[in-house]
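The values are calculated or read from the model by the stated rules, or taken from the named source; none is laboratory data. Here the structure is a predicted model, which is why all the values come from computation and not from measurement. FYI the Cβ positions are ideal-geometry reconstructions off the backbone, even for glycines, and counts take in every protein chain you see. Please note that ligands, DNA and RNA were not included when accessible areas were found on the heavy atoms of the full protein model with its side chains. Shrake-Rupley method; radii C 1.70, N 1.55, O 1.52, S 1.80 Å.
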Amino acid sequence: MATRIYEIAKKYDKSSKDIIALLKNHGFEYQSHMAVLGPKELTIIERVMRGVEKKTKKTEHTPSKKIKQEKDTFRDESPKQNIAYAQNIIKESSKKDSVIVSAPEAKAVEIIVRPMTVHKLSEVLNKPISDILMTLLRWGIMSAKNEVLEADTVHRLAEQYGAIVIKPTVIEKEFSAPKVEQQQNESLVERLPVIVVLGHVDHGKTTLLDFIRKTRVAEKEKGGITQHIGAYEVSTLKGNLIFIDTPGHEAFTKIRHRGSRVADLAILVIAGDDGMMPQTIEAIKHIKAAQLPVVVAINKMDKADPARLDIIKRQLAQQDLLPEDWGGQIVCVPISAKTGLGVDNLLEMVALQAQLLELRANAHDLGKAYVLESKIDKGRGAIATIIGYYGTIKIGDYFICGKVTGHITSLINSYGILLSHVGPSIPVSVAGFDALAEVGDYFAVVSKEEYRQARARNQNIATATTQRAGQADAVNIIIKTDTNSSREALLESIEKIARTSPVGIHIVLSGVGLVNESDVELAYNTGAHIIVFNIKPETKAMLLAQQRGVSISQFSVIYTLLEYLTAYVESKRVQEMVSKKIGEAEVLRVFDIKGVGTIAGCRVTEGKFSKDGSVAVWREGYKIGSGKIASLQREKRTVKEVAAGFECGFMIEGFTDFIVGDRVECFIQVPATPR
């Protein structure tokens, strides 16, 4: 049976990262905790682990004074490492298992003791990295070449390799930078991993999060689809995780890209009964562009044929995502977001991937964050959903966010709880913006003076609303949405419709917030149609729209809106018209009435004459005139049409030279027959 790295890590109570580092020291390169280990690797791990355990057991007696001093020096290490370290000193004193140092006659290396990476120390000591890592391993310390060693450990290694140790009593100028680096390292704290959930529409992304969070987010979304980016802190048996849920509809490409940019890992959800779809492939491109580790969740396995697993894995391989059971590094977990089947296993795989990333951030400086979403809230004004990546953000802070400034008045987390402060990775809704922020902007806490200066520069900056004049040769529309990302998605989708539309589409105004009276007045003056997404017009605006005859269409599901808009634009297509002969008449008498004009008295000989038609007058085989019918009467009454066999009188615009015997043909305009 195949043994994976994370399983052997559990067996020896180690992290997957430690096992990967151990194998790397022995010349084996592994990147994933899901990698399958061979007999040789398992033998090496078992030998090393048993060696560490033996050293631990042999040092249960009372330690000597020297050992006690060394243990005090390394009191921050784990008990097993301290005991193993002490045991190694005893072995060193008996000249057993010691590392061979340079010959006495060789010139000793001088080293100033300070924290440094294993790689840097190997360069200073002129020793192979593998030698240093093996020495640390004998002492019970597992490390990697890029891991920073404490000053005490560097001191001990230097002595082990016969280097001359110089105590940093005076910090020289060239060593000031490492001191700053050390302070920064000390201020770093572990942060929660941010996971983005991607996939095609209706493949179960929100249902998966809904199961994990035990809340009914999917039911709150209109039409059963997610239409805004949401960031949620989730408590699991594997620790807290931050999930970013993204909508799967193609209109939200920018939102999905934004979600990938701020995440540490990705879960790619693929429906087992559906397989790879267009937005699935697009999501894979975003994942690759952001270089995110990915775990694939094959969903809806409660109703899909198990044979579909191999089909989906083949599709993944075609996208250069080779599943781990096919010899690759991509973890595929069959799940059912509806029943919860396999979800615990999925979370375990995500947690193991996060451990390998060693996510840390500074939590003590002024906060910095990304804007995930922004909108106008009736009670809180302009607000934004942000996710911090550095420092601490607290109520009362002044900030700059793109071209917008503000003063934080409230912080509300994903559970609706009011917070006083928040650190890296935690998503919160922030109130206190002077204007609407742009989605994707950087959010940075600044001093009050910096805030005042930025606000003075940006006083004339408008919100995310653009206004233009109407166009006579296009369909004019006004777009009002609930959030900025919805506005972005709609504008992008409308641009796609306009590329293939026979009629131009002109955006008179696009904005965030309720439809107000000024919007209605603008629509009236420009002949625009108002389209509203996820909000309702103000009552006064609705009354004014009825008075002005302005159309307002409201939608809560984006694909319904786009279908309507496509049909609306198509209805405005200017059709090609042709003339069609519908009747013929003979002039019997001509009446020249003063103050009225010349009237031709005729009998309709075939077809019919229509008031909306036009006529051509023929005499002796020649066309002598034409014009639109200005008036059509029968028995002194105005009528719309006269059928064959009946007499009538009519006047023609621009022609009066009738004589008895003229032949008159009647035509109307009809749409051209499609070829």
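How do the pairs read when you match residues in the range 429-444 that are touching a residue at least 24 places away in the same chain (Cβ under 8 Å) with residues anywhere that are buried (at least 24 other Cβ atoms within 10 Å of the Cβ) and basic (Lys, Arg), using Cβ under 7 Å and keeping only pairs 6 or more apart or on different chains?
VAL439/ARG258; GLY440/ARG258
Given the criteria under 19 Å from GLY513 (Cβ atoms), at pLDDT 85 or above and either surrounded by fewer than 20 Cβ atoms within 10 Å (Cβ to Cβ) or within 36 Å of the chain's Cα centre (by Cα) (or both), does SER556 qualify? Give the steps one after another, and end with the answer.
On the way: under 19 Å from GLY513 (Cβ atoms): yes; at pLDDT 85 or above: yes; either surrounded by fewer than 20 Cβ atoms within 10 Å (Cβ to Cβ) or within 36 Å of the chain's Cα centre (by Cα) (or both): yes.
Criteria met by SER556.
In the set ASP344, ASP274, which member is out of contact with any Phe, Trp or Tyr (no Cβ under 8 Å at 6 or more places or on another chain) and either open to solvent by less than 30 Å² (accessible area, probe 1.4 Å) or within 18 Å of ARG4 (Cβ to Cβ) (or both)? Explain how you work it out, then say what you get.
On the way: ASP274 fails: either open to solvent by less than 30 Å² (accessible area, probe 1.4 Å) or within 18 Å of ARG4 (Cβ to Cβ) (or both).
Answer to the check: ASP344.
Quick one: count up the residues across the range 632-642 that are open to solvent by 50 Å² or more (accessible area, probe 1.4 Å) and either in contact with a Ser or Thr (Cβ under 9 Å, 6 or more places away or on another chain) or in contact (Cβ under 8 Å) with a residue 12 or more places away in the chain (or both). Steps first, please.
Of all residues in the range 632-642, those open to solvent by 50 Å² or more (accessible area, probe 1.4 Å) come to 633-638, 640-641.
Now drop any that are not either in contact with a Ser or Thr (Cβ under 9 Å, 6 or more places away or on another chain) or in contact (Cβ under 8 Å) with a residue 12 or more places away in the chain (or both), which leaves 633-634, 638, 640-641.
Result for the range 632-642: 5.
From the list ILE111, ILE132, ILE100, ILE89, exactly one residue is out of contact with any Leu (no Cβ under 6 Å at 6 or more places or on another chain), modelled with pLDDT under 50 and open to solvent by less than 30 Å² (accessible area, probe 1.4 Å). Which is it? Show your work before the answer.
Details: ILE111 fails: modelled with pLDDT under 50; ILE132 fails: modelled with pLDDT under 50; ILE100 fails: open to solvent by less than 30 Å² (accessible area, probe 1.4 Å).
Answer to the selection: ILE89.
Take GLU373 and decide whether it is closer than 23 Å to ARG455 by Cα and in contact (Cβ under 8 Å) with a residue 24 or more places away in the chain. Lay out the reasoning, then the answer.
Working: closer than 23 Å to ARG455 by Cα: yes; in contact (Cβ under 8 Å) with a residue 24 or more places away in the chain: yes.
So GLU373 fits the description; yes.
Every residue in the range 553-584 that is farther than 27 Å from ASP482 by Cβ and in contact with a Phe, Trp or Tyr (Cβ under 6 Å, 6 or more places away or on another chain), please.
Result: SER579, LYS581, GLY583.
So which residues in the range 496-537 are of a type in the set (D, E, K, R), under 31 Å from the mean Cα position of the chain (by Cα) and open to solvent by 20 Å² or more (accessible area, probe 1.4 Å)?
Hits for the range 496-537 are LYS496, ARG499, LYS536.
Among PHE650, PHE658, PHE667, which is the only one that is out of contact with any Cys (no Cβ under 6 Å at 6 or more places or on another chain), part of a loop (DSSP other than H, G, I, E, B) and surrounded by 14 or more Cβ atoms within 10 Å (Cβ to Cβ)?
Values: PHE650 fails: part of a loop (DSSP other than H, G, I, E, B); PHE667 fails: part of a loop (DSSP other than H, G, I, E, B).
Result: PHE658 is the single residue among PHE650, PHE658, PHE667 that is out of contact with any Cys (no Cβ under 6 Å at 6 or more places or on another chain), part of a loop (DSSP other than H, G, I, E, B) and surrounded by 14 or more Cβ atoms within 10 Å (Cβ to Cβ).
Considering only residues of the range 260-315 that are in contact with a helix residue (DSSP H, G or I) (Cβ under 8 Å, 6 or more places away or on another chain), in a loop (DSSP other than H, G, I, E, B) and closer than 30 Å to ARG191 by Cβ, which is modelled with the highest pLDDT?
PRO293
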